[in-house]
Amino acid sequence: MELINLKTPSMEGKIYIGADVIQTRLPALMKGQTNFVVTDSNVYVLYAAWFEKYFSDTEIFVLEAGEENKNFASLQAILEKMAGAGLRRTSRLFAVGGGVVGDIGGLAAALYMRGISCVQIPTTLLSQVDSSVGGKTAVDLGGVKNIVGAFYQPCEVLVDPTFLQTLPQREIKCGVGEIVKYAALNAEIFDLLKENTDKLSDLAFLTKLITACIQHKANVVAMDEKETGERRSLNVGHTTGHAIELFYGLSHGESVLYGMSLETKLAIESGVCEKEYGENLLAIVAAALALEPNAKTDFSSIVQASEKARLDKKNTDDGEIKMSVAKSKGAWTTLSLPFANYQAALIKAVKN
Ligand SMILES: NC(=O)c1ccc[n+]([C@@H]2O[C@H](COP(=O)([O-])OP(=O)(O)OC[C@H]3O[C@@H](n4cnc5c(N)ncnc54)[C@H](O)[C@@H]3O)[C@@H](O)[C@H]2O)c1
Ligand SMILES: [Zn+2]
């Protein structure tokens, strides 16, 4: 079992990683207060015996699986069930599931009685390497993702890679999208992926990367909890990625991979990313995109899709599109382009 400490101005949290984290930490975390669980319908069915073992006496809210349920109505239903279960200020919420459960469960913990203790137990690759760490919680509203939320740090995150054994390949690919993002920011992760592009769907290899990814994210969040500076680096590939996700309806991870591919090409073309390094990064992204299932999207409508990038939360009022992009091994920078130049650059990038 490995331990990473994450100290931010608002909280000192612990992240435990390993196949033994549940049996080692969970009983102690459950003792001494009323507990509450948020999970989703897939995880609840797949892990029925696990819930029976650890949470047989605990109130469990089972959210219907899917991003479309990360909304206000579900949040209200969770809060009502928490109140009905008589939770107090000292109670503790356990979010057991992927990023959807982590985001909405974390937000419910942040809101209930102005904040109760929260433990994240991420069960997807994406949530293990990314969303369970760092305290961003949210629901979607009016078709805009994560527009209502709070920064609220969990007191502990228990990362057990054995949950990944039941994860469908599509979800593995989503997590690989975020892992490749770290390769653009961290030299060690870059080298590991560059030398192992044939192992991107190998669970044993991916498991080895989880700790490095979490350590990277924890370092960034410790420096900049509220995303005013360094934390923006974690958005590499995400400006164009979110536009693709919204327009084409692809999965988040696959969209981020396409976003990384296009934005890295833009960065090379604009001279802000070293060419040789950028091309090596593009080779890693291409290997990840080739994983099955492959949506094989045709980007002939990239002009219409790019309109969605105008909605990005990072944009300021000057009308420019702001992207966090790879610069050189282990380094990133911001690339800001007027919208018309951004569109023109994308048209060129999808052609090569
Ligand atoms: N808070 C953050 O910092 C942050 C960062 C990145 C993404 N996110 C959010 O995370 C969400 C995406 O997370 P996700 O990719 O985990 O999606 P998800 O929570 O929808 O999980 C994906 C699917 O896998 C299923 N599942 C979960 N664990 C499983 C397991 N062990 N075995 C089999 N199936 C399992 C789920 O039921 C679901 O169908 C988005 O809402 C996104 O906005 C948040
Ligand atoms: Zn992401």
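Kindly indicate which of ALA218, ALA212 is at pLDDT 95 or above, touching a helix residue (DSSP H, G or I) at 6+ places or on another chain (Cβ under 9 Å) and part of a helix (DSSP H, G or I). Please lay out each step first, then the result.
Working: ALA218 fails: touching a helix residue (DSSP H, G or I) at 6+ places or on another chain (Cβ under 9 Å).
Every option except ALA212 fails the conditions.
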>> Return the residues of segment 70-91 that are in contact (Cβ under 8 Å) with a residue 12 or more places away in the chain and under 25 Å from LEU246 (Cβ atoms); say none if nothing qualifies.
In response: LYS70, ASN71, PHE72, SER74, LEU75
> List the pairs whose first member sits in segment 241-256 and is at positive phi and outside the structural domain of LEU291 (by TED's automatic domain parsing), whose second member is within 11 Å of ligand 1 (Cβ to nearest atom) and modelled with pLDDT under 95, and whose Cβ atoms are under 6 Å apart, counting only residues at least 6 apart or on separate chains?
Replying inline: none
> With respect to PHE51, is the statement that it is modelled with pLDDT of 95 or more, touching a helix residue (DSSP H, G or I) at 6+ places or on another chain (Cβ under 7 Å) and farther than 14 Å from ILE104 by Cα true?
Replying inline: yes
>> Six or more apart or on different chains, Cβ atoms under 6 Å: show the pairs whose first residue is in segment 183-197 and in the same structural domain as LEU281 (by TED's automatic domain parsing) and whose second is buried (at least 21 other Cβ atoms within 10 Å of the Cβ) and of a type in the set (Phe, Trp, Tyr).
In response: ALA183/PHE190; LEU185/TRP332; ILE189/TYR182
>> Criterion first (farther than 18 Å from GLY102 by Cβ and assigned to a helix (DSSP H, G or I)) does ALA19 satisfy it?
In response: no
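Residue-by-condition table, conditions (1) free of Cβ contacts under 8 Å to residues at least 40 places away in the same chain; (2) within 16 Å of ligand 2 (Cβ to nearest atom); (3) buried (at least 24 other Cβ atoms within 10 Å of the Cβ); (4) assigned to a helix (DSSP H, G or I):
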residue: LEU107; (1), (2), (3), (4): no, no, yes, yes
residue: LEU111; (1), (2), (3), (4): yes, no, no, yes
residue: VAL119; (1), (2), (3), (4): no, no, yes, no
residue: VAL139; (1), (2), (3), (4): no, no, no, no
>> Cβ-Cβ distance below 6 Å, separation of 6 or more or different chains: which pairs start in segment 52-69 with a residue that is free of Cβ contacts under 8 Å to residues at least 12 places away in the same chain and end on one that is part of a loop (DSSP other than H, G, I, E, B)?
In response: none
> From the list ASN196, ASN186, which residue is within 25 Å of ASP312 (Cα to Cα) and either within 15 Å of ligand 1 (Cβ to nearest atom) or of a type outside the set (Lys, Arg) (or both)?
Replying inline: ASN186
> Taking segment 320-334, which residues are buried (at least 19 other Cβ atoms within 10 Å of the Cβ) and small (Gly, Ala, Ser)?
Replying inline: SER324, ALA326
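Quick grid of which residues meet (1) over 14 Å from the mean Cα position of the chain (by Cα); (2) surrounded by fewer than 24 Cβ atoms within 10 Å (Cβ to Cβ):
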| site | (1), (2) |
| --- | --- |
| LEU126 | no, no |
| GLY142 | yes, yes |
| LYS145 | no, yes |
| GLN153 | yes, no |
| ASP160 | yes, yes |
| GLN165 | yes, yes |
| PRO168 | yes, yes |
| GLU171 | no, yes |
> Within segment 294-352, can you find the residues that are farther than 19 Å from ILE244 by Cβ and in contact with a strand residue (DSSP E or B) (Cβ under 8 Å, 6 or more places away or on another chain)?
Replying inline: THR316, GLY319, GLU320, LYS327, TRP332, THR333, THR334, SER336, PRO338
> For the subset of segment 79-98 comprising residues that are farther than 21 Å from GLY32 by Cα and surrounded by fewer than 22 Cβ atoms within 10 Å (Cβ to Cβ), which member is nearest to ligand 2 (Cβ to nearest atom)?
Replying inline: LEU79
>> For the condition within 15 Å of ligand 1 (Cβ to nearest atom), of a type outside the set (Lys, Arg) and in contact with a His (Cβ under 7 Å, 6 or more places away or on another chain), what is the one hit in GLY241, GLY237, GLY259, GLY253?
In response: GLY259
>> Whether any residue in segment 228-239 is in contact with a Cys (Cβ under 9 Å, 6 or more places away or on another chain), in contact (Cβ under 8 Å) with a residue 24 or more places away in the chain and either surrounded by 14 or more Cβ atoms within 10 Å (Cβ to Cβ) or among the polar types (S, T, N, Q) (or both) is what I want to check.
In response: no
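The values are calculated or read from the model by the stated rules, or taken from the named source; none is laboratory data. Source: prediction; values computed, not measured. When we count neighbours, we look across all protein chains shown, and the Cβ atoms used for this are built from the backbone with ideal geometry, even at glycine.
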